[in-house]
Amino acid sequence: MKLKQLESLLGNLQQFDNPKIELEQYPTGAHIASRMLYTAENSFGDVSNKVVADFGCGCGTLGLAATLLDAEHVIGLDVDDESLEIASINAEDLEVEMGLIQCEIKNLRWQGQIVDTVVMNPPFGTRKKGADMEFLSTALKVASQAVYSLHKTTTREHIKRAALRDYGASSAELRYDLPKQYKFHKKKDVDIAVDLWRFVPKPKHESSS
Ligand SMILES: C[S@@+](CC[C@H](N)C(=O)[O-])C[C@H]1O[C@@H](n2cnc3c(N)ncnc32)[C@H](O)[C@@H]1O
């Protein structure tokens, strides 16, 4: 699928009716989401024929992009059942399949690296301190191939250090496909620049040593 077509399909998805501020519910725009998944697929081969998890999937944008790029199986996880309802409607509208699980990411009990790739736009931890790090540490435990994640540019050094030193990433690479000054949020008071990261998890036997 061409990038423009992907962006256009994602642009038609239904988004949060009543965003819950405490859960940092803001959708990833079609522009960013399409480029994030397109890069994952076309630069790294991390999507088609892969098992992909979308952490904090909300209305499903990132996971659905993975289905459109021919992921073998996609699972979206979110704590909020209303968002999962919308994700389910979006999947139906696109005529694609996406598994949906309601759970708190920190309570996920998956054992080992059971998915290939995690894609996520986690809460930045502005409401609940450390929420972004909970997502990142869990993603690096369950993915075998790559974790794609959006983080505030101001947390760049912290994210990199934690991923490499504490969470078992073997590499943490910044991708600059996003326009540098892209305004991520619509509301003025939360306008912030974001980084797109690609983390590579260490193979399990190495990371547990
Ligand atoms: C920034 S939004 C991203 C939504 C969607 N992935 C997207 O890209 O449009 C963060 C999402 O994480 C979910 N979330 C927040 N805290 C969570 C937690 N502890 N466990 C699971 N999901 C959580 C929110 O409900 C919300 O849907």
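Read the figures in this text as sums done on the coordinates, not as results from a lab. Please read these numbers as outputs of a predicted model, since none were measured by experiment. FYI the Cβ positions are ideal-geometry reconstructions off the backbone, even for glycines, and counts take in every protein chain you see.
In summary, the helical segments of the chain meeting the span-like criteria, namely a full DSSP H run, a Cα extent along the axis of 15 angstrom or more and a mean Kyte-Doolittle hydropathy of at least 0.0, are 131-142.
Each DSSP beta bridge with both residues in segment 3-207 is either parallel or antiparallel, and the antiparallel ones are about 40%.
Taking the fewest neighbouring Cβ atoms within 10 Å as the starting point, the ordered list for 157, 41 is 157, 41. If you wrap the tightest convex hull around every Cα atom of the chain and split its volume per residue, you get 110 Å³.
When the Cα positions of 120, 77, 203 are compared along the charge dipole of segment 3-207, 203 comes out farthest toward the positive end, with charges on each C-beta of Lys, Arg, Asp and Glu.
For 158, 151, 73, what ranking results if the residue with the fewest other Cβ atoms within 10 Å of its Cβ goes first?
158, 73, 151
Counting every other Cβ atom within 10 Å of each residue's Cβ, 85, 97, 7 order from fewest to most as 97, 85, 7. In this structure, the pairs whose alpha-carbon distance is over 23 Å, taken from 106/204; 2/141; 20/50; 50/160; 2/50; 106/141, are 2/141; 20/50; 50/160. For the pair residue 106 and residue 5, the difference between a 0.36 nm per residue extended length and the Cα-Cα distance amounts to 32.9 nm. Spacing of the modelled spin labels on residue 70 and residue 157, each 7 Å from Cα toward Cβ, amounts to 4.4 nm. Based on C-alpha pairs under 8 angstrom that are at least 6 apart in sequence, the chain has a relative contact order of 17 percent.
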